[in-house]
Each structure stands twice: as C-alpha cells, then as structure tokens.
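The values are calculated or read from the model by the stated rules, or taken from the named source; none is laboratory data. Remember, it's a predicted structure, so these values are computed and weren't measured experimentally. Because the Cβ atoms are built from the backbone with ideal geometry, glycine has one as well, and the counts that use them run over all protein chains shown. Heads up: the accessible areas ignore ligands, DNA and RNA and are worked out on the full protein's heavy atoms, side chains in. Shrake-Rupley method; radii C 1.70, N 1.55, O 1.52, S 1.80 Å.
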Amino acid sequence: MAKQTLISISREFGSGGHEIAEKIAKDLGLKFYDRSMLDEIANNMNVKVEVLEKYDEAPRNFLLTRRVGSHTNSMAEILSEIQFDFIKDKATSGESFVIVGRCAETVLKDYDCLISIFVNGNKQHKLERVKEKYHLNETDALLKMARHDKKRKLYHNRHSDYKWGDSRYYDLCINSSSLGVTGTVDVLEYYIQERIHAYK
Amino acid sequence: MNIEQILAIILFVAMFILIVMDKIERHYVTLGCGILTIIGVFGIAMKSMEAITETLNIKSIFTLGFWYTAGNAEESTSGINWATIIFIAGMMVMVEGMAKAGFFRWLCMKLAKMVHYKPIPLFITFMLMSAFLAMFIDSITVILFLAAVTIELAKLLKFDPIPMILSEIFCANLGGSATMCGDPPNIIIGTSLGYSFGDFITNTGIMAGISLILVVIYYFVVFRKELAGEKLSQADVDAMPEPKEAITNKRDFVISCVIFFCAVVLLVTHAQTGLTVAFIGAVIAIITLITSGSYALKLLKQVDYKTLLFFIGLFMVVGGLEQTGILEIIAGYIGTVSNGNLRLMVAIIIWVSAIASAFVDNIPFAATMIPVIKSLSATQGVDLSTLAWALSMGTDIGGSATPIGASANVVGTSVATKNGYIIGWGKYCKSAAPATIIVILVSMVFIFIRYC
C-alpha cells in the first residue's frame, strides 16, 4: 500500500464500528487512531490524559461556554480543534491510517485518498452487544446507547456542515447487524481495496 | 401590551437565545433579528416609516455634529449608533497595525525585562499594564498578547501562568471601565448620552483607579503562595529573548507608536477640541492605512467586520424595543420599585447589570439599558450621569465574574487552555467572583457618597 490511504469510520454506539475499524487497520497494516490519540495530545499539552478524556468527542455546553471570534473557552471545543489539527498533521505527513469518529471525514474531506464509512446497526443487535460488553440490563443499555449516540450526533453536527449518519456524505454506509463484525470487515476491506486500485 | 411590543420582545429574546446557543454566528443573528425588527415591527405592525429611518439613523452620519461638536458633546439619537461603529472600526485598524509591528509583544517583553523577570514584580507590572492598555485598546487584543507572552515567560521561567492570566483578565476589564473608549458598553454609553473621555475618566476612572489598588492587593493575597514558590535561576534569565526581537519592522514600529500616542491625545482632549470619537476613529484608521502602504488592503481585510455587523444588527433590535416603548415600561417598573429613591435606583442598576453581564454578553445589555436609564432619569427627575456611571461599572465589571462574562475572559482562558493550562469555571470564579463583588461594592459606595 505505497500510496497514502485514509479511512474514516464513524459509527453508532453498539454497532461494532470501533472493532471493525481496528480489524481493518490490522489487516491492512495501517496505523489506527481512536481515543488513544489523546495520550499523545496530553503529553504535548503536559496534562493528564484523564483530564482530556471527559471532553473527547463531547459537544460544548452552550450555557457555560462562549466563543469570541476564533477563541472559545469550551474545553470540548478546544480539544476538538487540537484533535483536528492532530489528524490534519498526520494526513499532511503522508501517513496512512484508519481513524474512528472525531469528525475525521469532515476534517479530511479535501484528501482524494479518503474513504469515509459509516457503520450503523439494528437496534436489537446493538442492544445485545452493549448488554454483553458492558454487563448492563436492558434499560441501562438502552440509556447508554441513546446517551452516546446523542453526544456523537451533537459533536459531529457542531463541527460539520452535514448531519451525522447522512448517507449522502459518506462513501459507504453499512449495517453491521446483517453480516456481523467479521463479515462487515470483509465487505469493507474488499471495497477499500477496490477504491485503492481505482485511486492508483 | 400591543402586537408590535410583543413582536419586538420575541425578536429580542430570540436574538439573545441564539447568541447564547452559538449555532449561528452572532452577526448573522443580530442582523437577521434586526432586519425582522425593521420589517415586522416597524413595517408591518407599526406601519411607521419614521421608526425605520430613526432606527437606521443613516442621516446622522451626514450631519456636522456627528464629526465635530463645538462646545458640548452631542447626544446621539436612537437607533444604530454609527459613532460607536466607526470608532471601533478605526481602533481595530490601528490595533492591527500595532500588532503587525510587534508593539504589544515588545512592550510585554520590555516590562518583564525591566523587573528582571522576578515573579511578584512581574505579576504586579502585568496587572497594571493590562489595566492601562485596556483604557485605550480593546481588552481582547490586550489579553491576547498579554496571555501569550505570560505563557511564553512561564514556559521559559518554569512558573504557573494561571494566577497571572486570571489577574490580567480582571485588570483588562477594570481598565476598560475607566475610559470612554476602553470597553464597548462605555463607547455606547458615551456616544449615546453625549459624555466625553474626561467625563468618564473623572467618574468611572476614579472608581476604577481605587478598585485597581484593591484588586492588585487582593490578587496578590490570593496567589501569594503560588508566587512565593517561584524561584528563578540566572540561566533562566539569560535564556530570555531580547524585547527588540519582537519588533518586526522598526519603521512600522515607530509609526504605530506615534499613531497610538496621537489617538490617546485626541481621545483625552476630544471634549476640548470638539472632535467626536467617530472623527477620531476615522482619522486614526485613515492615517494607519496611509502609513501602511501596500499592506493597507491586508490590514483592512483583517478588521473584524463581523463584530461591526453584530453591532449594527444589535442596535436595530434594541431600536425595536425602544420605538415600541418596551424600555420605557422597564424604566417605569424600576422607578416604581425604587419609589424615586436614587440610591435604590443605583443599587438596582449596578447589581442587575453586574449579575446579567456575568452570564450574558454585556454589549446588548448595555445597549438595551441606555434608553431605560434615559427614561428613568426623565420620569423620576434624577441625574442621568449618576445612573450612567452605575450602568457602566455594572456592565464592565460584572462581566469579570465568570469565564463567559466578557470577551477578554473567553480569550484569556482559551489561550491558557490551548497551552495546557486549563482554567475551568471553578478555578476562574474562585478568584474573579469575589474580586468582582469587591469592585461593584466599592463602585456603589463611591456613587452613593459622591452623587446621592
């Protein structure tokens, strides 16, 4: 894979999008960026990563923060901007990578080598996955799903000109419930390889 | 309440909510609501062409009194306050020119060197410098440069910059309250009510001066442990950059210093010369542009036109409240509550302004309150200037209490946070809220003693 390849994977909570992204990165030998990028950012900022974690992919609190020109005192927005710069820097350096969330399909939209994917899933399938993964009962799992999806949607829509999960703005939207994680990875890898060939 | 009043209130409240939500850029919000005020309130509900022309207020620009007032300063009519807009635009051009020449960075580095980079003198010097600069330059620019240099010094000298940044922010807001041109609410109050630079400096200026002494002592006491812990080595001092390195171009630097000096002299003497702030703003901008040569176009492009459009829209929306008599109703309510007691009126105005400004933008608040105090003064027979100084101190200082209260707070905390020095609500309010209460109390007592 000599040419640069950038793969952004957005996902609904419980759809397995993160696991899918991780497998694709491993199979294709690409760097993988997710929440772990905070370690590098925290190190650069000389702050504890735990301080940043609670603001990761979070929308701004519009009652407690304000923007003046290009300045904001919302930690969530400042962290978003730092993450966007981080993603852009990695892409500018010529690195190929898979990135989960963080509005990457918007941040990297000017790159021809970007493949943007949105992973969704059936509600029941996602629910079972969340219950199992986090050892929750149905009510708590549903609440967790709703909370995370709302947070991701608000975060995305704040930083992007289009709506989170709107199929018109992704190269590919896929329901992971139909084929499961492994089957979805196979389909996506086939698509990615075809795209890379077409791009070359 | 009639239909035009209801419509004007809805548009005003919608504007405030949309500004707070920050989903749409605030200049689009105020302009949109302003246009709706013109069409809906004045055009459809009131069917009053007079209200439209009064609010747009364009013809005032073409009067002599707009640029030059022989003798007493002239009060602006209601509607768009073009004098404020032209003055702010002019100062923006001047400040861009100064920043390009490296003036602010040079000044910060020079003062730091003069006090040998020692933490406590540095802390006090930067507070005083912040207050002084903010008397003439917008507090956003002051804090932008001061916070950046403070962080740079903190990294080189290995100290915690947060106490310094917090105190600089407070002093920038305090310094802004001292003069007519320091803070947007003061510019609006001054141009709307016909007060001069001298009027402000001899009233709010004295209150700010007394408060500054108390605030320096307060912040020193609050942060004494952090400051006492900072130790400097000679190697740290030797590693500091030379102030002259900040100057990007000597010619531009000298010119920007001269223009700044001229601006200060013109502002200080404008009551004597009869030149209005609109004239001073326009002249300063033209001189800056002429001396910038080929850079003039770029300088013009860097002007924050969004803020100017925000002001235009804001004045239109407030014009809606004014023309429909809403603000007179509010003034009447304050008059009833205070029962003609000037002290009570002052207390209500200063504390309501301070509390409101701590949470919402103080510019729309001040613009709204000016017609209220005018009406209050006329109906209750109390001195307008007393109410104006209460409004000025309330809006200017109240904004210091929280990280969202004033633009300088947002910019200062933003610059600090981006550099890894996170300032949340708790850390900010712990020192700034008591300082705000102290200054508001001092100002209120001062007004009581001197004017009531």
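Looking only at residues in the stretch A:30-59 that are part of a loop (DSSP other than H, G, I, E, B) and facing chain B (nearest Cβ under 8 Å), the one that is most open to solvent (accessible area, probe 1.4 Å) is A:Asn46.
Quickly run through the stretch B:100-110 and pick out the residues that are open to solvent by less than 30 Å² (accessible area, probe 1.4 Å) and either on the phi < 0 side of the Ramachandran plot or polar (S, T, N, Q) (or both). I'd like the intermediate steps shown before the answer.
Of the stretch B:100-110, the ones open to solvent by less than 30 Å² (accessible area, probe 1.4 Å) are B:101-104, B:108-109.
Of everything in the stretch B:100-110, those that are open to solvent by less than 30 Å² (accessible area, probe 1.4 Å) and either on the phi < 0 side of the Ramachandran plot or polar (S, T, N, Q) (or both) turn out to be B:Ala101, B:Phe103, B:Phe104, B:Cys108, B:Met109.
Listed by position, the strands (runs of 3 or more DSSP E) contained in the stretch A:63-182 that have at least 1 residues being open to solvent by 20 Å² or more (accessible area, probe 1.4 Å) and away from chain B (no Cβ under 14 Å) are A:114-120, A:172-175. With respect to the stated conditions, B:Ile334 is part of a helix (DSSP H, G or I), over 13 Å from B:Ile9 (Cβ atoms) and away from chain A (no Cβ under 14 Å). The stretch B:343-420 holds helices (runs of 4 or more DSSP H) entirely within its bounds, and those carrying 1 or more residues that are more than 11 Å from every other protein chain (Cβ to nearest Cβ) and either buried (at least 24 other Cβ atoms within 10 Å of the Cβ) or of a type in the set (Phe, Trp, Tyr) (or both) map to B:362-380, B:384-398. Looking at this structure, is B:Ala296 open to solvent by less than 40 Å² (accessible area, probe 1.4 Å) and without any contact (Cβ under 8 Å) to a residue 40 or more places away in the chain? It is true that B:Ala296 is open to solvent by less than 40 Å² (accessible area, probe 1.4 Å) and without any contact (Cβ under 8 Å) to a residue 40 or more places away in the chain.
Only residues that are of a type in the set (Gly, Ala, Ser) and in contact with a strand residue (DSSP E or B) (Cβ under 9 Å, 6 or more places away or on another chain): list them for the stretch A:65-102, please.
A:Ser74, A:Ala91, A:Ser96, A:Gly101
Put simply, of B:Leu309, B:Leu275 the only residue that is touching a Phe, Trp or Tyr at 6+ places or on another chain (Cβ under 9 Å), within 14 Å of chain A (Cβ to nearest Cβ), farther than 14 Å from B:Met94 by Cα and not polar (S, T, N, Q) is B:Leu309.
Scanning the stretch B:421-437 for residues that are closer than 30 Å to B:Ser377 by Cβ and open to solvent by 50 Å² or more (accessible area, probe 1.4 Å) gives a single hit, B:Ile437. Taking the criterion of being within 13 Å of B:Gly394 (Cβ to Cβ) and in contact with a Leu (Cβ under 7 Å, 6 or more places away or on another chain), the residues of the stretch B:436-451 that qualify are B:Val439, B:Val442.
Checked against the criterion of being in contact with a Phe, Trp or Tyr (Cβ under 9 Å, 6 or more places away or on another chain), assigned to a helix (DSSP H, G or I) and crowded, with 19+ Cβ neighbours inside 10 Å, the stretch B:111-118 has at least one qualifying residue. The residue list A:Tyr134, A:Tyr111 contains one member that is out of contact with any strand residue (DSSP E or B) (no Cβ under 6 Å at 6 or more places or on another chain) and among the aromatic types (Phe, Trp, Tyr), which is A:Tyr134.
Count of the stretch B:438-449 residues, restricted to those that are surrounded by fewer than 17 Cβ atoms within 10 Å (Cβ to Cβ) and touching a residue at least 12 places away in the same chain (Cβ under 8 Å), is 2.
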